[in-house]
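Enquirer: Quick one: structure below, then a few questions.
The values are calculated or read from the model by the stated rules, or taken from the named source; none is laboratory data. Note that the structure is a prediction, hence the values are computed from the model and not measured. Every residue, glycine among them, receives a Cβ derived from its backbone with ideal geometry; neighbour counts consider all protein chains shown.
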Amino acid sequence: MESRVLSGSATISGLPRLRPQASRLNATVTFAAATPNTAVSAGGNLLWGRQLRPAVLLETSPARNLKSVLASAASSSDSSGEAMAPVGFFQKYPALVTGFFFFMWYFLNVIFNILNKKIYNYFPYPYFVSVIHLAVGVVYCLGSWTVGLPKRAPIDADLLKLLIPVAVCHALGHVTSNISFAAVAVSFTHTIKALEPFFNAAASQFILGQSIPITLWLSLAPVVLGVSMASLTELSFNWLGFISAMISNISFTYRSIYSKKAMTDMDSTNLYAYISIIALIVCIPPALIIEGPVLLKTGFSDAIAKVGLTKFVTDLFWVGMFYHLYNQLATNTLERVAPLTHAVGNVLKRVFVIGFSIVVFGNKISTQTAIGTAIAIAGVAMYSFIKAGIEEKKRVS
């Protein structure tokens, strides 16, 4: 490259004999030959490379020439098409994208709870409905795997053994939640499920042997007090709904414990798909045994007589789809945010569900129930903030 640059000027046969005016002219010609427009994209390399040093040295005013070289290289680089790639909307406005994820998570959750309760008003068979929830999600996952969105992650016997306890707890917690939804008001079930942090803390302390700070335990006192106040005067209270919601809390607590033992490199979408498949297999036998005979005798026919076959089938399909999508959106949303934002999101989600269910179904609640629910939600918020702060300190340290 250096030999080509020097041969670009016929007058450069010996540097000592050049006059200042001629050297200035020859330097310009040499530089022009050395830096064609199509090869200036690496301007810095051209400027400081060996091929340009002879031409620069021929100039009697090197500072001025160097300034022009830099300006020429910069302008050529801008017009070369190798400028920075344009920033996409997702990268430019990450807060708006995260906000949209939160909105969709809440929206799908509220729609699921409302539609789920409406189905129970004319089809009170929570075991079968639970199977439908999981079955629609499994079909969705299988379809996604078929088209490669996402690509199915391989699973072996060892990983399967780890996931089975998680899926069993997921199935039990899901079914008992639906039994509670069918038996009592949606708002009351979610008030009882506000106790889930209490069970998580107890399991961490007494089963996993983890030390729980006293501040975390104190923050749970309002949760227990609020749930107790709400339960005493809840107009839709019955023991089936209350006990089922409590069993759901315990089941999901153990699901968290087994999930920590089954930590894997598999992405959350594939992991949730495998858990859903196993949970569906677990849920089918009790649904057939407990509700199968009644469904074949009167259950299906009564529901079809009340709302029609088309509405009955579409309601079951959409409630299953909303169940799967809101769980998937919850996972995707919580992966994008910090622990504290995660905590706030979970608390606000429960507030949204309770509030919308009261408005939609017109549930009458006593003043004590309303105060108790508010105290319980405030306690959950306090617990979540403290726990998120502890997790953040662990992460930083």
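Enquirer: From the residues in segment 250-269 that are free of Cβ contacts under 8 Å to residues at least 60 places away in the same chain, part of a helix (DSSP H, G or I) and of a type outside the set (Val, Ile, Thr), which one is farthest from GLN368 (Cα to Cα)?
Expert: Only one residue tops the list, namely LYS260.
Enquirer: I've got another one for you. Out of SER244, SER236, SER219, SER231, which single residue is touching a helix residue (DSSP H, G or I) at 6+ places or on another chain (Cβ under 7 Å) and modelled with pLDDT of 90 or more? It would help to see each step written out before you state the result.
Expert: Details: SER236 fails: modelled with pLDDT of 90 or more; SER219 fails: modelled with pLDDT of 90 or more; SER231 fails: modelled with pLDDT of 90 or more.
None of the others qualify; the one that does is SER244.
Enquirer: Is segment 134-144 home to any residue that is under 26 Å from VAL359 (Cα atoms) and small (Gly, Ala, Ser)?
Expert: No: zero hits.
Enquirer: Right, next: Tell me which of these GLU196 doesn't satisfy, since it passes every other one: (1) surrounded by fewer than 15 Cβ atoms within 10 Å (Cβ to Cβ); (2) under 28 Å from the mean Cα position of the chain (by Cα).
Expert: Of (1) surrounded by fewer than 15 Cβ atoms within 10 Å (Cβ to Cβ); (2) under 28 Å from the mean Cα position of the chain (by Cα), only one is false for GLU196: (1).
Enquirer: Only one residue in ILE390, ILE365, ILE358, ILE354 is over 17 Å from SER187 (Cα atoms) and touching a residue at least 12 places away in the same chain (Cβ under 8 Å). Which one?
Expert: Criteria check complete, one pass: ILE390.
Enquirer: Within 24 Å of ILE119 (Cβ to Cβ), among the aliphatic types (A, V, I, L, M) and crowded, with 20+ Cβ neighbours inside 10 Å - does that describe any residue in segment 158-165?
Expert: Taking segment 158-165 first, the residues within 24 Å of ILE119 (Cβ to Cβ) are none.
No, segment 158-165 contains no residue that is within 24 Å of ILE119 (Cβ to Cβ), among the aliphatic types (A, V, I, L, M) and crowded, with 20+ Cβ neighbours inside 10 Å.
Enquirer: Only one of these is among the hydrophobic types (A, V, I, L, M, F, W, C), in contact (Cβ under 8 Å) with a residue 40 or more places away in the chain, farther than 23 Å from LYS193 by Cβ and part of a helix (DSSP H, G or I): ALA167, ALA171, ALA135. Name it.
Expert: Unique residue meeting the criteria: ALA135.
Enquirer: Let me ask another. Do the conditions hold for LEU96, that is, is it surrounded by fewer than 21 Cβ atoms within 10 Å (Cβ to Cβ) and modelled with pLDDT of 90 or more?
Expert: no
Enquirer: Being surrounded by 16 or more Cβ atoms within 10 Å (Cβ to Cβ) and either farther than 18 Å from ALA201 by Cβ or outside the structural domain of TRP145 (by TED's automatic domain parsing) (or both) is the filter here, so list the residues in segment 250-268 that pass it.
Expert: The first filter runs over segment 250-268 and keeps only residues surrounded by 16 or more Cβ atoms within 10 Å (Cβ to Cβ), leaving 250-259, 262, 266.
Of everything in segment 250-268, those that are surrounded by 16 or more Cβ atoms within 10 Å (Cβ to Cβ) and either farther than 18 Å from ALA201 by Cβ or outside the structural domain of TRP145 (by TED's automatic domain parsing) (or both) turn out to be ALA262, MET266.
Enquirer: Within the group ALA201, ALA194, ALA171, which residue is at pLDDT 90 or above and in the same structural domain as PRO286 (by TED's automatic domain parsing)? Write out each step before concluding.
Expert: On the way: ALA201 fails: at pLDDT 90 or above; ALA194 fails: at pLDDT 90 or above.
Just one listed residue meets the conditions, ALA171.
Residue-wise test of (1) without any contact (Cβ under 8 Å) to a residue 60 or more places away in the chain; (2) in contact with a Ser or Thr (Cβ under 7 Å, 6 or more places away or on another chain); (3) of a type in the set (Lys, Arg).
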site: TYR140; (1), (2), (3): no, no, no
site: THR146; (1), (2), (3): yes, no, no
site: ILE155; (1), (2), (3): no, no, no
site: THR191; (1), (2), (3): no, yes, no
site: PHE199; (1), (2), (3): yes, yes, no
site: LEU208; (1), (2), (3): yes, no, no
site: ILE212; (1), (2), (3): yes, yes, no
site: SER228; (1), (2), (3): no, no, no
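Enquirer: Then there is this: Could you please let me know if LEU295 is modelled with pLDDT under 90 and either crowded, with 16+ Cβ neighbours inside 10 Å or more than 26 Å from VAL139 (Cβ to Cβ) (or both)? Give the derivation first.
Expert: On the way: modelled with pLDDT under 90: no; either crowded, with 16+ Cβ neighbours inside 10 Å or more than 26 Å from VAL139 (Cβ to Cβ) (or both): yes.
In short, no.
Enquirer: What do you reckon, is VAL223 assigned by TED's automatic domain parsing to the domain that holds LYS349, farther than 21 Å from VAL110 by Cβ and touching a Pro at 6+ places or on another chain (Cβ under 7 Å)?
Expert: So VAL223 passes the test.
Enquirer: Has segment 235-249 got any residue that is over 28 Å from LEU134 (Cβ atoms) and in the same structural domain as VAL131 (by TED's automatic domain parsing)?
Expert: Yes, segment 235-249 contains at least one residue that is over 28 Å from LEU134 (Cβ atoms) and in the same structural domain as VAL131 (by TED's automatic domain parsing).
Enquirer: Can you spot a residue in segment 276-284 that is touching a residue at least 40 places away in the same chain (Cβ under 8 Å) and over 14 Å from LEU163 (Cβ atoms)?
Expert: yes
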